Amino acid sequence: MGRWAKLKSSGWTYPTAVLSLYGFFANCRVAEPFLTPYLIGPHKNISEEVVTNYLFPIWTYSYLAFLFPVFLLTDFLRYKPVIVIQGLFLVTNYILLCFVPGLPAMVFLQVNYAVVTSTEVAYFSYIYSMIPVEHYQRATGYLRSAMLAGYTLGASLGQVLISLAGVDYFYINTITLGIVSMAFLVSFWLPMPQRSLFFKGKEAAAVGSQSQQEGALGADGIEEPVRDKDEVGSVKEKMEHNGSAGWCSRKSAANAGRLLWQSFRESYSSRNLIYWSLWWALATAGYVQVFNYIQLMWDHIEPSATSSIYNGGVEAACSLVGAAAAFSVGYIKVTWAVWGELALGLFSAVGTGAVFLMAFTSSIWTCYAGYVIFKSCYMLLITITTFQIASNLSMECYALTFGINTFVALSLQTIITGIVVDEAALGLDIVTQFIIYGSYYAVISVLFLIRGTYTAYVNQHNPEHTGTKDQQLSVEVISSEHF
């Protein structure tokens with residue numbers, strides 16, 4: 001027991017392992033690829049039009065309403081409580097699906113699920129507040145792998161149970177309820193972080209780092225001087241003086257606001273980072289829209305009530321192919337500062353073709369193939385984009401940039417949903433929706449093909465010019481003492 005307690009209280013292995021276990025169970029949702037057939041089938045008996053034009057838009061609007069407040073609350077509460085809340089709402093989600101009939105319950109389900117998705121920001125933020133910076137890369141890899149493994153296993157298991165064992169959708173949902181309940185229980189094993197990124201994040205980090213390392217390399221690779229005991233003591237005294245009344249004191253809130261503002265300025269001080277963030281927001285809005293409504297497209301082409309469906313197998317294949325594409329980024333020898341924007345344009349064009357293919361085909365297998373291509377392209381590009389943004393920012397700024405980019409993406413998605421999908425506006429059918437999504441992606445690809453071609457042309461004729469100002473500005477900001 002003593003060794004176990006010591007492992008919990010020190011090091012990075014325990015929190016990473018527990019959070020990976022949580023991520024595995026939370027994403028092992030066996031029933032998720034079969035949500036639409038379950039809703040429009042005899043168990044819930046909701047029409048396809050109501051699901052498309054009324055039910056699913058509620059999630060989009062609720063997600064937008066929750067996202068930014070939850071982002072701030074996540075940091076204020078220091079992550080673990082928000083992860084526990086996410087686990088609880090996941091359990092509630094499948095209790096509603098399994099045992100509560102009627103359209104009002106499914107409306108509440110969409111709001112409930114919006115809480116689940118808005119709290120996803122706590123997953124990675126938690127580990128960054130718990131472990132030393134030198135373990136960020138390995139921990140991130142483990143956490144992403146756990147999520148992928150859970151999602152792939154869940155989708156594959158669901159397909160096997162339905163196709164080979166003939167298990168009813170209801171029992172698929174009850175199995176998922178049991179699995180996410182395990183995630184909820186695992187969340188209580190997480191140790192509580194002693195600091196947040198913005199609410200006293202800097203002072204707490206300064207104190208905590210002194211007890212763990214001397215002359216260690218900082219986040220930007222520069223050796224940091226060791227403070228003497230008097231200096232560390234003075235920092236502790238300041239913390240006690242400024243906020244022993246609290247972490248929710250007025251001074252703490254003002255300091256958090258200052259840190260947020262300066263993180264925002266740093267995040268978007270580089271023109272190149274703005275371009276990468278722009279693609280992230282634009283492409284993610286289109287991707288989430290396709291992801292949300294693809295099951296309705298599949299059901300339109302091959303009705304689930306009269307034929308076998310392979311949604312789980314397709315989602316599992318997407319995860320594996322997309323993961324392989326994302327993994328390959330680390331081994332591709334490309335100067336992304338020069339060719340990255342052109343890659344965004346080219347692969348966005350491939351994604352555009354895949355969306356149009358899904359819209360116009362009458363073959364379910366062709367539609368499946370188009371979805372695999374589209375999702376793989378997105379996962380490849382979002383990996384490149386994430387790496388480019390994260391490699392030039394401190395962890396605090398990356399967390400904020402992720403939140404802002406996601407908020408912008410969700411705002412765009414909400415506008416698209418409100419105009420194209422919602423029955424109060426156009427309320428278009430699923431095929432017309434996908435034609436619009438393809439056109440949307442076509443605009444993105446054209447914009448970045450033009451920008452990427454220009455960047456590559458300038459570099460070929462004047463290699464020293466490319467990104468010089470932005471890189472110098474980025475280095476100056478990162479190398480300085482933030483905040």
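The values are calculated or read from the model by the stated rules, or taken from the named source; none is laboratory data. Given the structure is predicted, the values throughout are model-derived calculations rather than measurements. Cβ placement follows ideal geometry from the backbone for every residue including glycine, while neighbour counts extend to all protein chains displayed. For the accessible areas, the whole protein counts, side chains as well, though only heavy atoms, and no ligand, DNA or RNA atoms are used. Shrake-Rupley method; radii C 1.70, N 1.55, O 1.52, S 1.80 Å.
Using mean Cβ contacts within 10 Å as the protection proxy, how do 100-106, 127-133 order, highest first?
Working: 100-106: 13.4, 127-133: 20.1.
My ranking of the peptides, most packed first, is 127-133, 100-106.
What's the ranking of 175-185, 138-148 by average number of surrounding C-beta atoms within 10 Å, highest first? List each step's numbers first, then the result.
Values: 175-185: 19.7, 138-148: 17.8.
The most tightly packed comes first, giving 175-185, 138-148.
Based on the mean of other beta carbon atoms within 10 Å per residue, what is the order of 344-354, 451-461, most packed first?
On the way: 344-354: 21.6, 451-461: 14.6.
Result, highest mean Cβ count within 10 Å first: 344-354, 451-461.
Rolling a 1.4 Å sphere over the protein heavy atoms, what is the accessible area per residue of region 61-184, to the nearest Å²?
Values: 4980 Å² over 124 residues.
Each residue of region 61-184 exposes 40 Å² on average to a 1.4 Å probe.
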